[in-house]
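Only the coordinates and a few stated rules stand behind these numbers; no lab work does. A quick note: this is a predicted structure, and the numbers were derived from the prediction, not measured. In this analysis, Cβ positions are derived from the backbone assuming ideal geometry, glycine residues included, and neighbour counts consider all displayed protein chains.
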Amino acid sequence: MATDDLPPEVIAALATLLRYAGGLMREAIEASPSGNGGGFYDAKTAPMGRTAFLRLAREGAFKATKIGRKVLARKEDVDAWIESRATIAPHRSPREAPASDGYGDALALHEANRAAGHHLPPRRSQRAGKARR
C-alpha cells in the first residue's frame, strides 16, 4: 500500500505521530547516561581522563555504578569531587627554572672535550656487519 492510497487526514495524523515520537526519542537520548543532557558521566564523557575516572570510581572518590560494561557516576558527585580538589594546595613545589637555557653547559662541555682531543666514535649501523636495506 503506497502513501498515495491513504486519505490526507491519515497522512496528517501519521506526521503528527512521527513528530511526537521524535520528540520522545530526543528526550530519552538527552536523559540517557551517554547523552549530553543526562545526569551521569561515564569513562568517555567524564571531565578527566578515562583511566583516572575508572581509578577514582574504584577507589570510592565518588559513588559509581557499573551497568554492563559501563561505569557510571552522577555528574553532581564528580563535579563536587573536582571542586573539593580545586581548593586543596598541590603537594609538590613548583619546579625552579634552570639557571641557563640548558644548552650552554652542554656546549661548553662539548667544546672542552673537543679541545682535549676526545671525540665520539663514528656511529655504527643498527645491524653490525650487515648492509642496510
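Shown for THR87, THR65, THR51: other C-beta atoms within 10 Å of each C-beta, ranked fewest to most, produce the order THR87, THR51, THR65. Note on segment 39-87: semi-axes of the ellipsoid equivalent to its C-alpha gyration tensor, largest first and rounded to whole Å, are 17, 10, 10.
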